[in-house]
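In what follows, a single structure is set out as structure tokens and then discussed.
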Amino acid sequence: IRDSMGDMLSLIEDAQNKLDEKKAREMAEKLTQNQLDLNDLLDQFQQVRKMGPLKGILGKLPGVDQKKLDEANVDDRIMDRMCAIILSMTPAERAKPSIINPSRKRRIAAGSGMKVEDVNRLLRQFEQMQKMMKQMGLAGKGKGKKMRIPMNMMKQMGNMGGPGGFPM
């Protein structure tokens, strides 16, 4: 337990040193107002990359079995691929993904060197993330009140989002 607590503290320390506090505040505000877009997701990926390899970050989380983590195939290129897809979008598409029709998806896939299925997966998972936040009351009005998220909590854990199961 002592080792996992030390790892968690080192993870929090890394986050405090490497993540941008201003961006964390902006993200918290957007989160409470249900205004997250693909630019924010891109920002999240870039913030996580600053903290180092995914395996190293996951290894510092309490409850993560180091032996299973060593056996797991954790590919840091997943985030790079997702970033490539997002960067292949126009600013309007990043701000409002609902405008992305099949021909735009083909262009985005070609521009990122990915398949249309990969673009669809990213858009679907982004949409699921938004729905989940809404259901949890993190975004918009949940039971009449907005959930308040302390800034230090956002900085310590909100920017560690990662790809959330983007298999590729």
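The values are calculated or read from the model by the stated rules, or taken from the named source; none is laboratory data. Here the structure is a predicted model, which means the values were calculated and not measured. FYI the Cβ positions are ideal-geometry reconstructions off the backbone, even for glycines, and counts take in every protein chain you see. Note: areas computed on protein heavy atoms with side chains; ligands, DNA, RNA excluded. Shrake-Rupley method; radii C 1.70, N 1.55, O 1.52, S 1.80 Å.
What the table shows:
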read-out: Protein accessible area in the stretch 61-132, 1.4 Å probe - carbon and sulfur %; value: 52 percent
read-out: Per-peptide average of other Cβ atoms within 10 Å, ordering 39-50, 123-134 highest first; value: 39-50, 123-134
